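The values are calculated or read from the model by the stated rules, or taken from the named source; none is laboratory data. Since the model is a prediction, treat every value here as computed from it, not as a measurement. Positions of Cβ are backbone-derived with ideal geometry, glycine not excepted, and every protein chain shown enters the neighbour counts.
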Amino acid sequence: MRLPIRQQIWIARHRVDFLIGDRLVLQVDGGTHVGPQREEDIRHDAELTLLGYHVIRVGNGQITQRWHEVQDLIMRAVAQGLHRAR
């Protein structure tokens, strides 16, 4: 894609798994993302959205077993320019 991809960086007092370009966040959830952790993830997603980021949240199983679906989501988001700062 020839885009900068940074991993495990802090945005809005919370770490994100990947930042693609300037504004596309990819979050990968494992089995511990339930209950209070899930609520914190939802809160942080909302905060990121209000700051102008676009969040794609996927499960670990999607990464390991259905990568083509995740790749399609990322490519569609990039095609729409969601990775660019406006």
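When you scan the range 10-21, how many residues do you find that are over 14 Å from Ile56 (Cα atoms) and either part of a loop (DSSP other than H, G, I, E, B) or in contact with a strand residue (DSSP E or B) (Cβ under 6 Å, 6 or more places away or on another chain) (or both)? Walk me through how you get there before you give the answer.
Start the filter on the range 10-21 by keeping residues that are over 14 Å from Ile56 (Cα atoms), which leaves 10-15.
When the remaining residues are screened for being either part of a loop (DSSP other than H, G, I, E, B) or in contact with a strand residue (DSSP E or B) (Cβ under 6 Å, 6 or more places away or on another chain) (or both), the result is 12-13, 15.
Residues in the range 10-21 being over 14 Å from Ile56 (Cα atoms) and either part of a loop (DSSP other than H, G, I, E, B) or in contact with a strand residue (DSSP E or B) (Cβ under 6 Å, 6 or more places away or on another chain) (or both): 3 in total.
Test Val34 against the stated conditions and say whether it is outside any helix (DSSP H, G or I), within 14 Å of the chain's Cα centre (by Cα) and without any contact (Cβ under 8 Å) to a residue 40 or more places away in the chain. So Val34 does not fit the description; no.
Put simply, of Ile42, Ile56 the only residue that is among the β-branched types (Val, Ile, Thr) and in contact (Cβ under 8 Å) with a residue 24 or more places away in the chain is Ile56. The number of residues in the range 6-27 being out of contact with any Leu (no Cβ under 7 Å at 6 or more places or on another chain) and surrounded by fewer than 16 Cβ atoms within 10 Å (Cβ to Cβ) comes to 7. The residues in the range 53-86 that are within 23 Å of Arg38 (Cα to Cα), assigned to a loop (DSSP other than H, G, I, E, B) and within 15 Å of the chain's Cα centre (by Cα) can be counted, and the count is 1. Within the range 64-86, the residues that satisfy the criterion of being among the aliphatic types (A, V, I, L, M) and either at pLDDT below 95 or surrounded by fewer than 12 Cβ atoms within 10 Å (Cβ to Cβ) (or both) are Met75, Ala79, Ala85.
Could we say that His54 is out of contact with any Pro (no Cβ under 6 Å at 6 or more places or on another chain) and loosely packed, with under 12 Cβ neighbours inside 10 Å here? Spelling it out, it is not the case that His54 is out of contact with any Pro (no Cβ under 6 Å at 6 or more places or on another chain) and loosely packed, with under 12 Cβ neighbours inside 10 Å. Within the range 3-31, the set of residues being over 14 Å from the mean Cα position of the chain (by Cα) and closer than 22 Å to Glu69 by Cβ comprises Leu3, Gly31.
Can you tell which of Gly21, Gly59 is touching a His at 6+ places or on another chain (Cβ under 9 Å) and at pLDDT below 95? Selected residue: Gly59, the only one of Gly21, Gly59 that is touching a His at 6+ places or on another chain (Cβ under 9 Å) and at pLDDT below 95.
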